[in-house]
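Before any comments, here is the structure.
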Amino acid sequence: MGLLAALLSLAGVSLAQDIEVRVPSGAVAGQAASISTTGSGSATFYLEGPSIALKRDVQLGQEIQLSARQIEGAGRYVATICASSCSSSVFFVAAGKPSSLTFLVHPSRAPVGQADTISGVAFPFDEFGNLIFTPETVQFQISSKDSNLASHSVQTQNGVAWFRSSSGKSAGAVQIAASLNDVQARRVVQQVASDPCRLQIKAQRTPKGVEVQTDPVRDCAGNPVPDGTIVTFTAKNGDEISTVDAPIKQDVARARIAAKGPIVISAASGVVMGNEIRVGGQ
Amino acid sequence: MMRIRIPMICVTLALAAGYLKAADASPQVTLNVTKAAPRTVEPLTQRALLRDYKFAWTNLAQALESNSMESLNGLFAGNANTALKDKVGTQRQSGLSSRYSNQSHKVDAIFYAPEGDVIELHDTAEYDYQVLDGSKSIHSEHAIVHYVVLMTPGADRWVVRQLQAVQHF
């Protein structure tokens, strides 16, 4: 075989036909492109890309059309033409225009008045799910029902834009939007009251014991503390101590302490202590 | 004595060949997390990322060589999984397969989300890449490819959601 090739070579006949494969430069995902070849005769064309592999018969010297669908995936493509031998060229397809934003926001519930507690991360993608790697400006906007609370304009770096922000002062739903041109994604964060600011209790002796309840429990910004927050009432009668945990319902926590003698009652919720009150015996 | 020696040599050679093949199939991956921001990558997370990214490439190579999605083990999700599925499907349809061997990946963690729910990696991958039509090799090269990777934590592993080659970082 080697001898035959050498003889043919001496005779000026090439066993392999050198084919030049000219691939597109600056191809964009989802936009048709073409590949040109040199030579003549029939050949087999192969394309290997991030989400495609194809094989088809082509005529050398004619343009090979790549449909928009064939190059939807951004990334690296290898175009190969095989006649008597194979030639390959590599080209890249870039992502198209922004079509969607993947927007991650945390947390879903944030206590009011906390520094750097809300964060958002946005990744722009084109319509084929390719990450857009070129810098784009993403507008983050935080707004409540009544007003705009904050906005951040952030340029994507390596395909990502992010922000961190403090929570507002009022409890309630806050809308967080990320927009890039006419593409927008929205998320809602529920701002909830922070820890109780102060606890004030009052008590009354009844035939069944001592009824004790808090005044409406609020955080330091005046927001009612969420229902279900536990208030612990402690009753001391000499050396005898008893505790009752009561959840806040409609701003107030209530409990009944079964004690006949004089007692001292106090309350606590989280790190906040309330006032102490003395209740005389029956 | 000779009768024993010859089979032993054969077994040793077979084992060595098997070992070489296994070593060839297992990608070499290094992960540098010093550039990760705004959150720093904890050592346990770094270990898990390294393990799962390496495993993802092992499985990707197997899937594209065997034209079967069965070996992917749920390490790909979202866009990355769709792209891989499409590629395997079209390879199978065209009678093609591709082979990634002698893989080496130098990976930098570039962005780690404040809440730790997504990480962006930049992988400078080096491998021998071969495209086969049936059993005939139609293309082979030693490729150096830059990949942008997005991974998110799953229940017990990190999964690749985006695996996109770019011309440069």
Quick check on this structure: which one of B:A56, B:A48, B:A125, B:A61 is surrounded by 15 or more Cβ atoms within 10 Å (Cβ to Cβ), within 15 Å of A:S51 (Cα to Cα) and hydrophobic (A, V, I, L, M, F, W, C)? B:A61
Taking the conditions exactly as written (away from every other protein chain (no Cβ under 13 Å), open to solvent by less than 30 Å² (accessible area, probe 1.4 Å) and in a loop (DSSP other than H, G, I, E, B)), does A:G113 satisfy them or not? no
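Which count do you get for residues in segment B:44-60 that are under 13 Å from B:T152 (Cβ atoms) and either hydroxyl-bearing (S, T, Y) or not in a helix (DSSP H, G or I) (or both)?
Of all residues in segment B:44-60, those under 13 Å from B:T152 (Cβ atoms) come to B:45, B:48-49, B:52-53, B:56.
If we keep only those that are either hydroxyl-bearing (S, T, Y) or not in a helix (DSSP H, G or I) (or both) too, we end up with B:45, B:53.
Residues that pass the stated criteria total 2.
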Can you tell me which residue among A:E48, A:E63 is outside the structural domain of A:L131 (by TED's automatic domain parsing) and either in contact (Cβ under 8 Å) with a residue 60 or more places away in the chain or surrounded by fewer than 19 Cβ atoms within 10 Å (Cβ to Cβ) (or both)? A:E63
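Restricting attention to segment A:95-105, which residues are within 12 Å of chain B (Cβ to nearest Cβ) and either modelled with pLDDT under 95 or buried (at least 18 other Cβ atoms within 10 Å of the Cβ) (or both)? Spell out the reasoning first.
As a first pass, look at segment A:95-105 and keep what is within 12 Å of chain B (Cβ to nearest Cβ): A:95, A:100, A:102-105.
Within segment A:95-105, A:A95, A:T102, A:F103, A:L104, A:V105 qualify.
Taking A:S89, is it more than 9 Å from chain B (Cβ to nearest Cβ), open to solvent by 40 Å² or more (accessible area, probe 1.4 Å) and closer than 19 Å to B:D133 by Cα?
On the way: more than 9 Å from chain B (Cβ to nearest Cβ): yes; open to solvent by 40 Å² or more (accessible area, probe 1.4 Å): no; closer than 19 Å to B:D133 by Cα: yes.
No: the conditions fail for A:S89.
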Scanning for something within 30 Å of A:A221 (Cα to Cα), within 14 Å of chain B (Cβ to nearest Cβ) and not small (G, A, S), does segment A:132-140 turn up at least one residue? yes
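Here's the yes/no breakdown for (1) more than 11 Å from every other protein chain (Cβ to nearest Cβ); (2) among the acidic types (D, E); (3) touching a Lys or Arg at 6+ places or on another chain (Cβ under 7 Å):
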residue	(1), (2), (3)
B:P114	no, no, yes
B:H122	no, no, no
B:V131	no, no, no
B:I138	no, no, no
B:E141	no, yes, no
B:R161	no, no, no
B:Q167	no, no, no
With the requirement that a residue be closer than 30 Å to A:A110 by Cα, small (G, A, S) and part of a strand (DSSP E or B), what does segment B:104-149 give you? B:A109
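Kindly evaluate B:Q164 against the criterion of being surrounded by 21 or more Cβ atoms within 10 Å (Cβ to Cβ) and either at pLDDT 95 or above or assigned to a loop (DSSP other than H, G, I, E, B) (or both). Full working, then the answer.
Numbers: surrounded by 21 or more Cβ atoms within 10 Å (Cβ to Cβ): yes; either at pLDDT 95 or above or assigned to a loop (DSSP other than H, G, I, E, B) (or both): yes.
Criteria met by B:Q164.
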How about segment A:27-78: which strands (runs of 3 or more DSSP E) wholly inside it have at least 2 residues that are of a type in the set (G, A, S)? A:33-37, A:42-48
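Surrounded by fewer than 20 Cβ atoms within 10 Å (Cβ to Cβ), more than 12 Å from the chain's Cα centre (by Cα), among the polar types (S, T, N, Q) and not in a strand (DSSP E or B), is that true of B:S68?
On the way: surrounded by fewer than 20 Cβ atoms within 10 Å (Cβ to Cβ): yes; more than 12 Å from the chain's Cα centre (by Cα): yes; among the polar types (S, T, N, Q): yes; not in a strand (DSSP E or B): yes.
Yes, satisfied.
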From the residues in segment B:71-103 that are within 9 Å of chain A (Cβ to nearest Cβ) and in a strand (DSSP E or B), which one is most open to solvent (accessible area, probe 1.4 Å)? B:S97
Being closer than 21 Å to A:F133 by Cβ and in contact with a strand residue (DSSP E or B) (Cβ under 8 Å, 6 or more places away or on another chain) is the filter; apply it to segment A:25-45 and report the residue that is surrounded by the most Cβ atoms within 10 Å (Cβ to Cβ). A:A29
From the list A:Q155, A:Q139, which one is without any contact (Cβ under 8 Å) to a residue 24 or more places away in the chain and either closer than 21 Å to B:Y112 by Cα or buried (at least 22 other Cβ atoms within 10 Å of the Cβ) (or both)? A:Q155
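The values are calculated or read from the model by the stated rules, or taken from the named source; none is laboratory data. It should be emphasised that the depicted structure is a prediction, and the values quoted were computed from it without experimental measurement. As a convention, Cβ positions derive from the backbone with ideal geometry for all residues, glycine included, and neighbour counts pool all protein chains shown. Remember, those area values only see protein heavy atoms, side chains included, never the ligands or the DNA or RNA. Shrake-Rupley method; radii C 1.70, N 1.55, O 1.52, S 1.80 Å.
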